[in-house]
Structure formats: structure tokens, C-alpha cells
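The values are calculated or read from the model by the stated rules, or taken from the named source; none is laboratory data. What you are looking at is a predicted structure, and each value in this text was computed from that prediction instead of being measured. In this analysis, Cβ positions are derived from the backbone assuming ideal geometry, glycine residues included, and neighbour counts consider all displayed protein chains. Surface accessibility is based on the protein's heavy atoms, side chains included, excluding ligands, DNA and RNA. Shrake-Rupley method; radii C 1.70, N 1.55, O 1.52, S 1.80 Å.
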Amino acid sequence: MTKDQIQYGTSTIEYTLEFADRKTLGIRVHPDKTVQVIAPLDSQMDQVKEKVKKKAPWILKQQDFFLSFHPITPPRNFVSGETHLYLGRQYRLKLIESDKEFVKLNAGKIEVFVQSKADKSKIEKLLKNWYKQKAEIHFNQLFETNVPIAKKFYSGTPTLKYRWMKKRWGSCDQNGQILLNLELIKASKKSIEYVIIHELCHLVHLNHSRAFYQILEEIYPDWRRTKDALERLMV
């Protein structure tokens, strides 16, 4: 396997290249935006580059699509007055020094009670634990509300798990397990619901094929608007 790249306008597309016993060149764009090219054994490098260049618009489109499922919220400094998202709304962070350490919502603020306001790592840990507690409530409620949708095309019993992820908002595997990114608790309930429905549709199509979008369109006709709202919010 080798690495190569092509230039398309102002965009540089990097990809891994491997050769296999096949008749046609294949290109895959993975959720982490990496590009994999698999070429026939007798392919010439300049031919491969030319074919990748012809597919550049499609590659960039796929990368943009996957980017919408990446948490891209800017890093936080964990100081009083800083804004933090919760269920689609902005809240001001208020740090309060206290012997007892906990987090609560109060009058439009997220109040963090901590022994030292200078202990950024502890503040971050307290916030993440609080977000996780809230996610356990809201994710499970929204999952239970929407999981009956899957009965139309899936005979098994989908399950839900969640954890902090760097690359995607959610995923679905062939065993029917839906995995949600805990970062989603910062988005609106409608956005969380959209990601759940999106992943439920993957129970029948583990890809982003035309057939997948036909099911998504049937179940959630307004998915594009909700997806766009999620992208705009989490930046």
C-alpha cells in the first residue's frame, strides 16, 4: 500500500493506493474522510491519478457529507462567562468554589461547583460527567420513542450505547447496535432524534447508497433541514 495525492482546484485529495486482482478501479471514502483507492494489478500510476481526478467532485462531496457527523465544536477554556451548549441552547458557565463538587442548571447558567476555579481539568471532568448523566436520560427516551420505526425493515432488536467519540455523531453495526456520540447532548432533541433515525436506517443498509436514502427520506422527509441545523449549531 502506498500514499499518493491529486490536486483538484484548490483542494488536495490524499489517498492510499493498493493493487488487487480486479478488473476495475474502486474508490472508497471512509467516515474519517480518508480515501482508499484499489486498482487492478496492471494499472499505471498516471492512469490511476487520472481516474481519481475524474472522481474528485464525488470524493469531495462524500468527505463533506461525513464531516457533518464530526463533532467540530471549538475547544473550551472552562472559565466563567464562557458559553456551553446543552440540548441546542447556549448557557453561560459560572464557576463557584465549593467543598462539594457538582454541576447544575440555574437561571440560564451551567453552574460548576469546584474546589478550585483554576483546576481546569477537574471542571472539564465534572462537566463531562454531567453531560453523560443527561445523555443517559434523553438518549434513551428518544431511542425508545423512535426504535419502533425499525420494525418495518429489521427483524432483530436494536440496542443503544453511547460514548465520547472524535470522528462521528453515531454509528450502526451489523449486530444492530446503535452507538451515539455523547457530544450530541449539546444539540437539540430534534437533532439527536435525527441521528438516531439515521442510524436505525443503517440496520438495513450499512452504507450511504441510494437505497439507504430512499428509506431515510420515507421515514424522515425533513432530514436535510435537521442535518443542516445540527451542522450550524455545533461550530
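Where the second residue is open to solvent by 80 Å² or more (accessible area, probe 1.4 Å) and not in a strand (DSSP E or B) and the first is at pLDDT 95 or above and hydrophobic (A, V, I, L, M, F, W, C) and lies in the stretch 100-121, which pairs have Cβ atoms under 8 Å and are six or more apart or on separate chains?
That search, which allows pairs on different chains as well, returns 113/100.
Give 167, 152 a once-over and let me know the one that is open to solvent by 80 Å² or more (accessible area, probe 1.4 Å) and within 20 Å of the chain's Cα centre (by Cα).
Details: 152 fails: within 20 Å of the chain's Cα centre (by Cα).
Matching residue, one of 167, 152: 167.
Residues of the stretch 199-232 being surrounded by 13 or more Cβ atoms within 10 Å (Cβ to Cβ), of a type in the set (A, V, I, L, M) and in a helix (DSSP H, G or I), which ones?
Within the stretch 199-232, 200, 215, 216, 219, 229, 230 qualify.
Taking residue 37 as meeting all but one of (1) more than 29 Å from residue 165 (Cβ to Cβ); (2) without any contact (Cβ under 8 Å) to a residue 40 or more places away in the chain; (3) among the hydrophobic types (A, V, I, L, M, F, W, C), write down the number of the exception.
Status for residue 37: all satisfied but (1).
In the stretch 70-93, what residues are modelled with pLDDT of 95 or more, closer than 17 Å to residue 134 by Cβ and outside any strand (DSSP E or B)?
Answer for the stretch 70-93, where residues must be modelled with pLDDT of 95 or more, closer than 17 Å to residue 134 by Cβ and outside any strand (DSSP E or B): just 87.
Please find, among 123, 110, 59, 96, the residue that is crowded, with 17+ Cβ neighbours inside 10 Å, part of a strand (DSSP E or B) and either in contact with a strand residue (DSSP E or B) (Cβ under 6 Å, 6 or more places away or on another chain) or not aromatic (Phe, Trp, Tyr) (or both).
Numbers: 123 fails: part of a strand (DSSP E or B); 59 fails: part of a strand (DSSP E or B); 96 fails: crowded, with 17+ Cβ neighbours inside 10 Å.
Unique residue meeting the criteria: 110.
Taking the stretch 40-64 only, how many residues are more than 28 Å from residue 213 (Cβ to Cβ) and either without any contact (Cβ under 8 Å) to a residue 12 or more places away in the chain or among the aromatic types (Phe, Trp, Tyr) (or both)? Show your work before the answer.
If we filter the stretch 40-64 for residues that are more than 28 Å from residue 213 (Cβ to Cβ), which is where we start, we get 40-50.
Narrowing the set further to residues that are either without any contact (Cβ under 8 Å) to a residue 12 or more places away in the chain or among the aromatic types (Phe, Trp, Tyr) (or both) leaves 42, 44, 46-47, 50.
Adding up the residues that qualify gives 5.
What do you reckon, is residue 188 within 14 Å of residue 135 (Cβ to Cβ), more than 14 Å from the chain's Cα centre (by Cα) and open to solvent by 30 Å² or more (accessible area, probe 1.4 Å)? So that I can check it myself, show each step before the final result.
Details: within 14 Å of residue 135 (Cβ to Cβ): yes; more than 14 Å from the chain's Cα centre (by Cα): yes; open to solvent by 30 Å² or more (accessible area, probe 1.4 Å): yes.
In short, yes.
Given the condition at pLDDT 95 or above, open to solvent by less than 70 Å² (accessible area, probe 1.4 Å), assigned to a loop (DSSP other than H, G, I, E, B) and of a type outside the set (A, V, I, L, M, F, W, C), answer yes or no: does some residue in the stretch 20-42 qualify?
no
Sort through 181, 175, 129 and tell me the only one that's under 30 Å from residue 100 (Cα atoms) and open to solvent by 40 Å² or more (accessible area, probe 1.4 Å). Can you show your working first?
Working: 181 fails: open to solvent by 40 Å² or more (accessible area, probe 1.4 Å); 175 fails: under 30 Å from residue 100 (Cα atoms).
129 is the lone residue from the list that is under 30 Å from residue 100 (Cα atoms) and open to solvent by 40 Å² or more (accessible area, probe 1.4 Å).
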